[in-house]
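The block underneath contains the structure these notes are about, expressed in structure tokens.
We did not get these values from a lab; they are worked out from the coordinates using the rules stated. All of these numbers come straight from a predicted model, not from anything done at the bench. Backbone-built Cβ (ideal geometry, glycine too); neighbour counts: all protein chains shown.
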Amino acid sequence: MARIAKVLVANRGEIAVRVMRTCKELGLKTVAVYSEADRTALHARFADEAICIGPAPSRQSYLVADNILGAAKQTGADAIHPGYGFLSENASFVRACDKAGITFIGPPASAMDAMGEKTRARSNMMKAGVPVVPGSVEPFKDAQEAHAYALKIGFPVMLKAAGGGGGKGMRRVDRIEDLDAAWRAARSEAMSAFGNDSVYMEKFLDQPHHVEIQVFADMHGNCIHLNERECSAQRRNQKVVEETPSPILTPQMRAAMGEVAVKAAKAVNYVGAGTIEFLVDSSRNFYFLEMNTRLQVEHPVTEATCGRDLVWDQIRVAAGQPLGYTQAEVELRGHAIECRLYAEDPRTFLPSPGDISRLRWPVGAHIRIDSAVAEGSVVSRFYDPMIAKLTVWGPDRPAALRRMREALRETVVLGIETNLAFHLRVLAEPDFLRGDFSTRYIDVHPALTEPVEIPEADSQAIAAAAAVHAAAALGRGQPSAADGVAGSTGSTTSQAADFVSPWRRAASWRRA
Ligand code: MV4
């Protein structure tokens, strides 16, 4: 049984803060690491101790295993939580932790190896009796082989990089005459993304759903699942909205997918929190896509419906304790939705770094904010532009959707551009409200991402109006004139609430 008393969080931003919160609840000491660009970042200030691990670029700081291990030794941390991204799925880092006698809060290196490469993962899953997307087991030696295989399984096909997931090195091919060009493109993209130009082939699935199952295993042979997350609302391989339960799953399908996910995790002797991603086709067949051997960004929706703290469970399992609950005890209560708030230009979807001049989060029952920014924070161009996650829970899907809409309407982020208005559009879009969407959802609803003409609004007035709205929601009535509202927005709460209409509050949607 490993002793864990001090946890170093090898990450930044919202996930670093989120992990530290649980550590504090457990009475564990926390160590933050930060780059020179993050000297004043919230995650560094949130920890008991903070160590600078290098210059702003992640390659010189958050991705340098030696610097992180050095910080752990210097501070006497006995465990490292990697968060997501960065070193979280790096098997050599896990081995380095093992060698240094530091507990890695995550799966063993061997499980990462077994799931890291897509072709290896597929062949491991096939051996275990887990359904995988039909296609080749091995990468092809040359274009000739790819041709022959495509003719065998029939078009359309998907060329995919063997080296890694996330949509890089992926090409849909509809006709034989397009195969050579796609083959070359996939290989070169795979090379630059993963340093490995191996490419294999799958049958193309049309408008699949992306449904993933949360799994959890301990060192004592217990392995369970905590239901699914529906992640079909994505743009360019970036998730924007996630929810659980999935609107397309029946209890029978949930049980079947859960059972397969547990089988997949057991086949690689998994320990800790993991996610089995599936593609679900229009006939509701489901296929293993890949395994994420980490805690995921969207874990709060699972926590909201299962009533568990997954980081707490991760720490206990890493310390060698049993999971402590059985499959039969896993709950699925109500419905939870997460919206990812990105600092991005609403027209180009390019990151929009800058200084946050005004910030107001929604308040209320069953609303959760995971964020590591505050008024005055700088959103750095060096890192992921996700600035927060809004998660709401409701007794059912319509209730959760209503709560999310109101939560978004209470949210104010000024100084940078965000996708707040995009989220409000999704939450008003009929197909989404019906739960009728696949991974092509955003592509087939171009109106969601069209710019809208809004009047130039005064940022001070908008923030003040939001304060009125929030005060009214809390039943505190009118704020004083000192809050700067009366003169600019009129004096009734209804007008003030009106003034914070989605388009205006997204003041970042400036006139094009
Ligand atoms: C597919 C597919 C259709 N058929 N594979 C995209 C990300 C990568 N992890 C796998 N992806 C896909 N693989 C076959 N054989 C469609 C996608 C896909 C997708 C998958 C999950 C979530 C969003 C997506 C958006 C577009 C395409």
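The antiparallel fraction among DSSP beta bridges confined to the chain stands at about 80%. For 332, 226, the sequence from fewest to most other C-beta atoms within 10 Å is 332, 226. Going 7 Å from the Cα of residue 206 toward and past its Cβ, which residues in segment 273-305 have a backbone nitrogen under 16 Å from where you end up? So the set is 280-285.
Across the chain, the longest run free of exposed loop sites, meaning GluC sites (Glu not before Pro) lying outside DSSP classes H, G, I, E and B with no more than 11 other Cβ atoms within 10 Å, spans 1-452. Between the alpha-carbon centres of segment 314-361 and segment 218-239 there is a gap of 12 Å. Here is the list for segment 109-200: trypsin sites (Lys or Arg not before Pro) lying in DSSP coil, each with at most 13 other C-beta atoms within 10 angstrom of its C-beta, are 141, 175. Ellipticity at 222 nm from helices only: DSSP H runs of n ≥ 4 in the chain, each -39500 (n - 2.57), divided by the residue count, give -10000 deg cm²/dmol. Using the structure shown, select from 99/160; 29/73; 118/203; 152/263; 6/168 the pairs with a Cα to Cα distance greater than 25 angstrom. Check vs 25 Å cut-off fails for 99/160; 152/263; 6/168. Among the trypsin sites (Lys or Arg not before Pro) found in segment 295-403, those both in a DSSP coil and sparsely packed, with 15 or fewer other Cβ atoms within 10 Å of their Cβ, are 333, 347, 381. Around the Cα centre of segment 58-186, unit charges on the Cβ atoms of Lys, Arg, Asp and Glu (plus for the first two, minus for the last two) sum to a dipole of about 80 debye. Counting pairwise Cα distances across the chain, what percent come out greater than 38 angstrom? Here the long-distance tail beyond 38 Å is 29 percent of all Cα pairs in the chain. Remark: relative contact order (segment 367-411) = 37 percent; criterion is Cα-Cα distance under 8 angstrom and separation of 6 or more residues.
Entry note, the chain: relative contact order of 12 percent, from Cα contacts under 8 Å with a spacing of 6+ residues.
Would any residue of segment 82-112 have its amide N under 11 Å from a label point 7 Å out along Cα→Cβ of residue 73? List them or say none. In segment 82-112, the label zone of residue 73 (backbone N under 11 Å from the point 7 Å along Cα→Cβ) covers 100-101. With neighbours defined as other Cβ atoms within 10 Å of a residue's Cβ, the residues 220, 423 order from fewest to most as 220, 423. Fully extending the segment from residue 396 to residue 168, taken as 0.36 nm per residue of separation minus the present Cα-Cα distance, adds 78.5 nm. Among the trypsin sites (Lys or Arg not before Pro) within segment 220-281, those in coil by DSSP and having at most 11 neighbouring Cβ atoms inside 10 Å are 236.
In this label model, residue 153 and residue 59 are separated by 3.3 nm, measuring between points 7 Å along each Cα→Cβ vector.
Between residue 433 and residue 144, the modelled labels are 5.9 nm apart [label points 7 Å from Cα along Cα→Cβ]. The gain in end-to-end length when the residue 178 to residue 325 segment is fully stretched comes to 47.7 nm, 0.36 nm per residue minus the alpha carbon separation. Among 299, 366, 210, 225, the ranking by other beta carbons within 10 Å of each residue's beta carbon, starting with the fewest, stands as 366, 210, 225, 299.
Could you point to the residue in 65, 86, 297 farthest towards the positive end of the chain's charge dipole, with +1 and -1 charges on the Cβ of Lys/Arg and Asp/Glu respectively? With unit charges placed on the Cβ atoms, the residue in question is 65.
The aspartates and glutamates within cross-link reach of residue 141, meaning a Cα-to-Cα straight distance under 20 Å and a gap of 8 or more places when in the same chain, are 117, 177, 178, 180, 189, 197, 202.
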